[in-house]
Number of protein chains: 2
Amino acid sequence: MSSSTGTSTVEPRRISMTPGAQRALDAASRLFYEHGIHAVGVDLIAAEAGVTKKTLYDRFGSKEQIVVEYLAARDERWRAFLAERLKTEQGAAERILAVFDASRAWADENSPRGCSMVNAHAEISDPSHPAYAIITGQKKWMLALFTDLARGIDRGRDRQRGRQQGRERGGGSAAQLGRTLMLLHEGALVARGLGIFKDPVAQAREEASRLIGASGAGSAGGAGTAGGANRESATGSTSA
Amino acid sequence: MSSSTGTSTVEPRRISMTPGAQRALDAASRLFYEHGIHAVGVDLIAAEAGVTKKTLYDRFGSKEQIVVEYLAARDERWRAFLAERLKTEQGAAERILAVFDASRAWADENSPRGCSMVNAHAEISDPSHPAYAIITGQKKWMLALFTDLARGIDRGRDRQRGRQQGRERGGGSAAQLGRTLMLLHEGALVARGLGIFKDPVAQAREEASRLIGASGAGSAGGAGTAGGANRESATGSTSA
DNA sequence: CCGCAACTATACAGATCGGTATAGTGGTAC
DNA sequence: GTACCACTATACCGATCTGTATAGTTGCGG
């Protein structure tokens with residue numbers, strides 16, 4: 001019901017990504033992530049990209065639009081990266097752990113300073129800002145993904161225990177387990193950005209593993225060709 | 001060893017908080033949190049506080065110093081708020097849950113947009129920035145607090161189980177349980193700021209409750225007058 | 001060879017940035 | 001009564017901000 005089509009579809013980029021525009025977006029993405037959005041001016045972006053401001057404004061029209069493209073592109077890349085890593089995993093438990101593995105790999109080479117969406121949210125207070133929907137959209141999508149996968153875990157448990165009504169010890173309903181996984185995941189990204197302790201994503205993965213395997217549910221041999229519950233979450237390309 | 005005296009002491013404010021300075025700091029704190037640090041100029045702060053820029057610079061000397069005072073004061077207020085809420089709880093389990101309860105109450109009236117430290121960290125990339133130590137200092141302090149309290153849980157478990165060597169099912173060492181609690185807590189604050197789902201702090205508290213009470217360890221009747229493990233964490237006033 | 005797309009180069013606009021300078025006012029304490 | 005403190009008022013500084021204007025250059029497809 002509320003899984004993949006969360007709020008609204010992220011409208012695809014309508015600007016033509018010419019070579020100059022691509023260089024500008026690359027430079028802007030790096031600068032925005034490293035120093036923050038408000039701390040980076042368009043002059044710096046143009047200079048770093050080897051592009052004139054004229055080109056910048058011919059392609060993007062405004063700085064706000066550059067910000068939108070920055071976040072939309074990053075969101076898209078992350079979802080593609082995650083989908084690639086998920087499509088080889090079959091069981092719900094394996095897929096959940098694969099999300100954390102993917103996040104760790106992604107963070108290692110893309111997000112040493114924390115989640116770009118969370119960081120952008122710290123600088124964009126107005127919910128009517130066009131970037132706001134991208135930020136919350138990705139997070140809602142991640143929550144839906146975790147919840148879908150948690151549903152698979154629940155189903156496994158029910159099958160094993162002979163159809164108890166879910167809510168009991170280790171996580172209760174799928175919605176609740178999904179939210180807990182979401183908290184661990186978000187917390188890990190933040191902790192990594194702050195550098196509080198070593199490898200928080202691995203720590204979150206371990207805790208997730210305990211959580212979903214607490215009652216001894218399936219670690220290996222995960223039943224068939226991926227239950228339909230999380231089908232659209234993994235393959236859903238750019239929507240919501 | 002590494003608990004309360006983490007890195008270095010946060011040097012106390014050395015500026016005289018005259019009425020005008022206090023009004024300026026109040027205005028700056030509100031504006032910084034609501035719109036971000038870089039998005040707020042000193043002219044706006046002065047105008048909102050009903051103070052001239054001259055007064056601002058006579059008191060604080062620079063915008064950077066205003067930022068430092070903003071974060072230091074908020075850090076101080078949070079620690080005092082938390083200490084107040086913790087001093088009535090006696091068992092380690094109760095104290096852990098009290099942290100989440102305090103966080104929820106604090107967020108309700110102070111942090112609808114997420115943790116101010118995390119948000120500030122998104123805007124301050126330079127680790128040599130004087131505010132950086134305040135940010136990481138609070139987070140390290142929180143981790144030490146959780147770890148201290150987790151040690152109390154571990155001890156309770158060992159007592160109950162007849163001195164097994166800790167690491168086993170539900171969290172293993174105190175350090176590990178402390179880190180997991182940290183992840184849940186940080187994740188909850190982020191999720192609340194993003195408004196992804198309802199009351200993430202309560203969700204985190206529930207999960208924490210399951211975590212520390214997994215083996216049926218003490219929910220009520222928590223053993224005497226607060227074990228020495230977490231003594232300095234609760235009462236440590238402004239240090240670390 | 002013409003037209004168009006993508007670009008460079010440069011200069012400028014109006015506003016705002018953090019920060020400073022000068023001059024003056026009200027209150028209070030010794 | 002004077003010296004000091006906290007403050008107002010205002011004007012200014014150079015730099016940077018987002019955004020625009022004019023003019024010219026390259027390369028490529030029909």
Is there a quick way to get the dipole size of the range A:15-61? I mean about its Cα centre, with the Cβ of Lys and Arg at +1 and of Asp and Glu at -1; what is the value in debye to the nearest 20? 120 debye
Quick one: net charge of A:Glu64's neighbours, Cβ under 13 Å, K/R +1, D/E -1? -2
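Within 10 Å of each Cβ in peptide B:191-199, how many partner chain Cβ atoms are there on average? Round it to a whole number, please. All intermediate terms of the calculation are to be shown ahead of the outcome.
Working: counts 9, 0, 4, 10, 5, 9, 9, 1, 1.
The per-residue average across the peptide is 5.
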Label spacing, shortest first and in nm, from B:Gly213 to its equivalents in the remaining copies (7 angstrom along Cα→Cβ): 2.7
Return the subset of A:Lys54/B:Lys53; B:Lys54/B:Lys140; A:Lys139/B:Lys139; A:Lys54/A:Lys140 for which the Cα-Cα distance in this structure is over 30 Å, preserving the input order. A:Lys54/B:Lys53; B:Lys54/B:Lys140; A:Lys54/A:Lys140
Between A:Lys87 and the same site in the other copies, what are the distances in nm, shortest first, taking label points 7 Å from Cα along the C-beta direction? 6.0
Radius ratio Rg over Rh of the range B:94-138, counting only Cα atoms, Kirkwood formula for Rh: 1.09
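A short reminder: the numbers here are calculations on the coordinates, not readings from a lab. Since we're looking at a predicted model, the values are computed, not measured. Glycine gets a Cβ as well: all are built from the backbone with ideal geometry, and neighbour counts include every protein chain shown.
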